[in-house]
Each structure stands twice: as structure tokens, then as C-alpha cells.
Amino acid sequence: MRRSLVALTVACALGGCRAEDVFVGADLDLNRMLEQPRVDPYEPDSLRVPPAGTVPWASEDAPDAAAVRTGRRGGAPVGRIPVSVDAALLATGRARFDVFCAPCHGVAGDGRSVVARHMTLRPPTSLHLDRLRALAPGALYGVVTEGKGLMPAFAVQLTPRERWAVVAYVRALQLARHAPVARLPAPLRSRLEGAP
Ligand code: HEC
């Protein structure tokens with residue numbers, strides 16, 4: 001560094017220019033590189049402002065992220081499905097159920113399947129048992145996530161959202177078997193009651 005500086009100074013002297021003109025204000029010990037204007041992570045200026053009306057969904061900062069992931073809140077299984085249940089979620093739930101659950105529990109969830117006939121030691125249960133209808137959604141999610149007895153865990157095959165979709169679809173299957181006629185929409189009810 002110093003040698004090239006001398007060389008440059010000499011070159012300048014020979015060439016007729018003055019060293020002060022070349023090195024005006026230069027900081028040769030490179031301290032200037034340690035202090036540069038910059039914005040540190042999470043300083044207000046570094047954060048992007050989310051568009052107005054943004055609602056966090058299952059992000060690490062969302063208060064319910066843990067419930068979505070674990071199915072538990074404060075140690076207890078959640079009593080409500082913590083993602084919004086709509087037609088799209090139920091469609092996903094049906095698709096995943098038919099692939100991952102129906103081979104053992106049957107397409108209708110009643111435990112009638114070829115696999116069940118051969119799992120004589122501990123057959124897959126009917127999902128329509130009173131005990132399972134009364135199970136909190138978080139507990140159902142726990143069974144899908146961790147498995148139970150001879151039933152495998154599905155944490156690897158299904159994302160949390162897909163597991164909730166399956167839970168919602170199981171609830172729909174249970175409702176389909178157990179909804180009282182009084183809860184049907186009027187046109188369906190009259191069709192049913194008018195049937196011979
Ligand atoms: C390989 C077969 C198999 C598959 C696939 C399977 N299960 Fe099971 N499942 C079982 C068996 C066997 C049991 C009984 C476990 C026991 O009580 O030891 C069971 C039990 C259950 C129970 C009752 C748990 C309880 O508290 O008694 C639920 C709910 C359930 N399964 C839901 C599902 C859902 C939802 C899926 C799909 C994501 C699924 N199962 C996939 C075999 C299976």
C-alpha cells in the first residue's frame with residue numbers, strides 16, 4: 001500500500017500534478033468502510049408496510065399460529081377449527097380423505113374397507129361413533145398429526161392446512177349421517193317428508 005503510494009506520488013511529481021489534488025480528504029486507513037450509512041434489520045425503515053387490510057394467516061407472528069400448527073391452545077385441544085372453513089377447504093379435505101383415510105376407514109368413514117377386514121387385531125374404527133363425534137376438532141387433528149395405535153401419523157404427508165381440511169371433512173361426513181331432519185334446508189326437508 002505504502003509502496004504504491006510512494007510510486008503514485010513520484011509519478012505525480014514527475015508528471016507535474018500535486019499529490020494533494022489526488023488525495024483530497026482520502027481516509028487511507030479505511031475506517032470509512034466501518035461506518036457506512038445502512039439500515040439494520042427490523043429498524044422501522046427496513047420493514048415493508050403490508051397493504052391495508054392484510055390479515056396474518058398462520059404466520060409466526062399470528063397469535064393463532066401455534067394453534068393452527070399443533071391443534072392445541074394452552075395445552076388443551078382447540079374446540080373450533082382455527083382456519084376458515086369454506087367450500088374450497090372441504091373440497092381439499094375430501095380429496096385428501098379419499099386418498100389418505102378412506103383405504104382404512106372407508107369412503108364414508110364408517111370403517112368398512114378391504115383393509116379394515118384384514119386388520120383383525122385392531123381394525124380402523126368407524127368415525128361415526130358417538131365418542132368420535134364428540135371429539136374436539138383439535139383432538140381429531142392430533143390423531144391425524146400423530147397417529148394412534150396401529151394408525152400411522154400424517155404429519156409428513158399432509159400440511160397443517162390439509163390436516164384441518166381433513167378434520168372439517170370428517171365433521172361433514174359425521175353431520176351427513178347424524179343431522180336431524182329439522183336441520184335440513186326447507187326444500188330438502190319437504191322432499192324427504194313427502195317421500196313415500
Ligand atoms: C392404515 C390404516 C389407517 C389409515 C390410513 C388411517 N387410519 Fe385412522 N385409525 C386406524 C386404526 C387401526 C385406528 C384405531 C387405533 C386404535 O384405537 O388403536 C384408527 C383410529 C382413528 C380415529 C379414532 C381415534 C380415537 O381416539 O379412538 C380417528 C379419528 C381416525 N383414525 C381418523 C383417521 C383419519 C382422519 C385418517 C386420514 C388422515 C386416518 N384415520 C387414516 C387406521 C387407519
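The values are calculated or read from the model by the stated rules, or taken from the named source; none is laboratory data. Remember, predicted model here, so these are calculated numbers, not experimental data. FYI the Cβ positions are ideal-geometry reconstructions off the backbone, even for glycines, and counts take in every protein chain you see. Remember, those area values only see protein heavy atoms, side chains included, never the ligands or the DNA or RNA. Shrake-Rupley method; radii C 1.70, N 1.55, O 1.52, S 1.80 Å.
Below, the figures for the structure above:
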read-out: From the options G142, G93, G109, residue that is of a type in the set (G, A, S) and over 20 Å from V68 (Cα atoms); value: G109
read-out: Members of the stretch 179-189 found to be in a helix (DSSP H, G or I) and open to solvent by less than 70 Å² (accessible area, probe 1.4 Å), listed by number; value: V181, A186
read-out: Enumeration of residues in the stretch 99-130 that are under 27 Å from the mean Cα position of the chain (by Cα) and surrounded by fewer than 13 Cβ atoms within 10 Å (Cβ to Cβ); value: V99
read-out: Search result, residues across the stretch 67-97 that are among the aliphatic types (A, V, I, L, M) and in a loop (DSSP other than H, G, I, E, B); value: V78, I81, V83, V85
read-out: Count of residues meeting criterion [more than 16 Å from the ligand (Cβ to nearest atom) and either polar (S, T, N, Q) or buried (at least 17 other Cβ atoms within 10 Å of the Cβ) (or both)] in the stretch 84-97; value: 1
read-out: Residue within the stretch 160-176 that is in a loop (DSSP other than H, G, I, E, B) and out of contact with any Leu (no Cβ under 9 Å at 6 or more places or on another chain) present; value: no
read-out: R133 being over 27 Å from the mean Cα position of the chain (by Cα) and open to solvent by 60 Å² or more (accessible area, probe 1.4 Å); value: no
